[in-house]
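Enquirer: One structure, as structure tokens, below. Some questions next.
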Amino acid sequence: IGFDNCYITTYFRQIDARRRKQVWQGERGAGQPCHPQWGVPESALTHPLPLTQHKKTLLPLLREETSSLIFPCNPVVQRPERQHMVMELLRYIPLLLFLLFISGLDHFIFSILSIIQHHSFIEYSYQTSHHLSVNVMGASLMADLLRSTIGALNASFDTELETSNLICLPQPTGLTREQYLNTCLPLGALALLCLVQVYPFRLRRAIASFYFPKVSSPRAGHSLGLGSGREKTRVLFLYNKLLWQRKNLLYLQRGRAARKARQPPGLGTLLLQRCRQRWPWLRRCLRQRCTLCGTPETPQHEPCPNPDCVALYCEWCWREMGRICLACSPMDPDLVQDSSEDEEEQGYAG
């Protein structure tokens with residue numbers, strides 16, 4: 001039930017909107033305009049409720065939670081998908097290197113053979129001239145007889161012979177641009193698939209819910225009275241899991257923030273604080289972070305009312321802490337005490 005169960009779907013939002021609607025109708029929602037789609041006050045969709053209420057809601061998600069969840073309708077490649085994409089690209093790199101190596105080796109061999117063909121070419125040219133002439137002097141009968149017989153030996157010819165070793169040399173043929181392009185196109189298509197496959201992967205849950213619409217336990221999908229499909233059961237499982245993790249995560253964050261706030265600041269921290277106090281215009285560059293969640297400072301951040309305390313909280317964390325500073329107020333000893341179990345739960349919750 002937990003395989004590939006990390007999507008914030010419409011049903012997930014409906015669950016959160018229904019829980020939020022119960023809180024607002026019971027405490028704050030009377031007389032406020034409702035959202036046309038979810039049927040809850042519009043301010044309830046933008047301002048999360050404190051977790052001290054009897055009905056806890058999840059949206060909007062915390063920064064630590066969004067790092068492991070996926071919004072299917074968001075066209076941006078999100079962090080879990082980027083990790084999978086990077087792994088696929090790492091598997092693609094050996095193929096790319098092999099293709100580059102083969103192409104470079106082919107070009108190298110072609111260049112070597114071309115050099116051999118060009119510098120080892122030898123052409124032979126042979127010309128000769130032969131002239132034979134026998135002259136018999138005299139006018140006697142013997143002279144006429146010799147002239148008629150030996151005169152046939154008179155010959156004259158010229159010889160011109162040209163040859164080369166071209167037939168013995170290599171005849172290399174290099175790849176054309178079209179051939180190189182046809183070789184690289186499949187690898188380019190593979191790289192493109194590695195980049196865009198995250199979008200078809202988002203449809204796996206919908207395909208699985210189509211082929212497996214029912215669940216073995218009908219009560220599993222009726223905890224909120226919204227159906228009994230397997231996909232709804234998976235969403236309920238994810239929602240309850242995030243609720244449990246949110247509770248532990250906030251407790252661990254409070255413990256870390258309390259321990260960190262009670263430690264004496266370092267020399268660099270004191271220097272930055274002095275610079276911010278002496279030159280207020282430096283606050284635009286030297287921005288602080290929320291003591292609890294670490295978000296960068298914005299105009300909505302709330303500083304500690306104690307002038308001697310330098311702690312800063314974002315609007316959400318300040319509301320969750322009940323407007324009580326963790327650094328200068330008495331805290332639960334269990335939060336201040338360091339614990340190895342907290343680190344293990346933190347890694348699981350993150």
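The values are calculated or read from the model by the stated rules, or taken from the named source; none is laboratory data. Predicted model only: the values in this text are computed from it and were never measured. Virtual Cβ from ideal backbone geometry, glycine too; neighbours counted across all protein chains shown. To get the accessible areas, we keep the full protein, side chains included, count just its heavy atoms, and leave off ligands, DNA and RNA. Shrake-Rupley method; radii C 1.70, N 1.55, O 1.52, S 1.80 Å.
Enquirer: I'm trying to understand the selection: among the residues of region 96-117, which are within 30 Å of S164 (Cα to Cα), of a type outside the set (A, V, I, L, M) and open to solvent by 70 Å² or more (accessible area, probe 1.4 Å)?
Expert: Those that are within 30 Å of S164 (Cα to Cα), of a type outside the set (A, V, I, L, M) and open to solvent by 70 Å² or more (accessible area, probe 1.4 Å): H107, F108.
Enquirer: Moving to a separate point now. Given T176, T183, T149, which one is outside the structural domain of P200 (by the TED database), open to solvent by less than 100 Å² (accessible area, probe 1.4 Å) and not small (G, A, S)?
Expert: Sole residue among the options that is outside the structural domain of P200 (by the TED database), open to solvent by less than 100 Å² (accessible area, probe 1.4 Å) and not small (G, A, S): T149.
Enquirer: Right, next: Can we say P330 is loosely packed, with under 13 Cβ neighbours inside 10 Å, in a loop (DSSP other than H, G, I, E, B) and at pLDDT below 70?
Expert: Judged against the criteria, P330 is a match.
Enquirer: Right, another one. Which of (1) touching a residue at least 12 places away in the same chain (Cβ under 8 Å); (2) open to solvent by less than 60 Å² (accessible area, probe 1.4 Å) is the odd one out, the single condition S133 does not satisfy?
Expert: Status for S133: all satisfied but (2).
Enquirer: Of the residues S148, S216, S156, only one is part of a loop (DSSP other than H, G, I, E, B), more than 27 Å from F98 (Cβ to Cβ), at pLDDT below 90 and not hydrophobic (A, V, I, L, M, F, W, C); which?
Expert: So the residue among S148, S216, S156 that is part of a loop (DSSP other than H, G, I, E, B), more than 27 Å from F98 (Cβ to Cβ), at pLDDT below 90 and not hydrophobic (A, V, I, L, M, F, W, C) is S216.
Enquirer: In a helix (DSSP H, G or I) and closer than 30 Å to D4 by Cα - does that describe any residue in region 96-105?
Expert: Yes: one or more hits.
Enquirer: In addition: What are the residue pairs meeting all of these: first residue in region 57-77, first residue farther than 17 Å from K247 by Cβ, second residue outside any loop (DSSP other than H, G, I, E, B), Cβ atoms under 7 Å, and 6 or more apart or on different chains?
Expert: S67/R79; I70/Y7; I70/P80; I70/E81; P72/Y7; V77/M85; V77/V198
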